[in-house]
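To start, the structure itself, in structure tokens.
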Amino acid sequence: MRDKPYYSVRTGKNLSGGALDLPTTLRVFGGIHQTLEDEGYFQEALGYECVDAGSVPGTVGKDVEGYVLLELRKSDLLPVRTQVDHYREDDLFDVVEFLYEHVSKPVDRHYHSFNDCGWHCTSFDRSEGRAEFREKMNRILRRYADGFELSVDGEVLGLPDAGFEALMEAALPVADPENIEARVDAARRRFRRYKASLDERRDAIRDLADVLEYLRPKLKGILASRDENDLFNLANNFGVRHHNALQKVGYDRAIWYSWLFYYYLATIHAVVRLIRKKEETDGRV
């Protein structure tokens, strides 16, 4: 699959050229999964069937269905090839995350030709398998509904709002991994998490505001005091960080929370760079 759409979709002549619906997504997902399964990408964890040896268990043990039930609190999700047509959206995302945790690329394998049994694999590369699986899944997920993606951490997340993709992915200059970078990354994941509630999105904004509060002492001499106060008045006045009778609450939270989140994320990028520039000028870096 290529990322660039073909002619009829690109020119708007294909009426089916918009986002993929769930049945179409399940059909494409099922085909990709079957190819990977036939190639042995899930044998290390989930085992396989052999016409001679019978059921050969993987690392999760003999009772794969019981293991899935314990992990996902759901039954009747496996085997994918017979169950995929019955998946709901949340089933699909659960299975995608589960498979990402248990995929590994075969390194050594041989083909058991008797009765066309298939590939039997003996050694695997987990990181390479995950990378390939994630790439294939994201080609589907990004085209499904409003757009999703499977993160490196194995979570299905909503895509950033159009125009903010670069900001969401941009790395911060190395500053303070524990108090800045890790907290910003956690806020980004929380804001984009599948079906994140408005309260969860508010908490993500609060996390970013707290990072700015942590940086506030270093802003002395960089920003005018009025400009500095404005950064925090937004979060305080829109009921994000505190709760009091003077706060503005009669607004569309879904719209304003998106604006506040991207505003604070962009501000943190700017502030960190301003602080770093001043430190370099002062000769401390």
Length gain on complete extension for the stretch Thr59 to Asp108, per 0.36 nm per residue less the alpha carbon to alpha carbon distance?
15.9 nm
Under 5 Å from the placed amide H of Asp125, counting only residues 5+ away or on other chains, we find Lys105, Val107
Regarding segment 110-231, what are the three Cα extents along the principal axes, ordered largest first, in Å?
78, 31, 24
Could you work out the relative contact order of segment 127-226? I mean the mean sequence separation of Cα pairs under 8 Å and 6+ apart, divided by the number of residues, in percent.
17
Label-point separation (nm) for Ala266 and Asp161, each offset 7 Å from Cα along Cα-to-Cβ?
1.0
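Since every read-out is calculated from the coordinates, none of them should be taken as a lab result. Nothing here was measured: the structure is a model prediction, and the numbers come from that model. Neighbour counts are summed over all protein chains in view; Cβ atoms, including those assigned to glycine, are modelled from backbone coordinates with ideal geometry.
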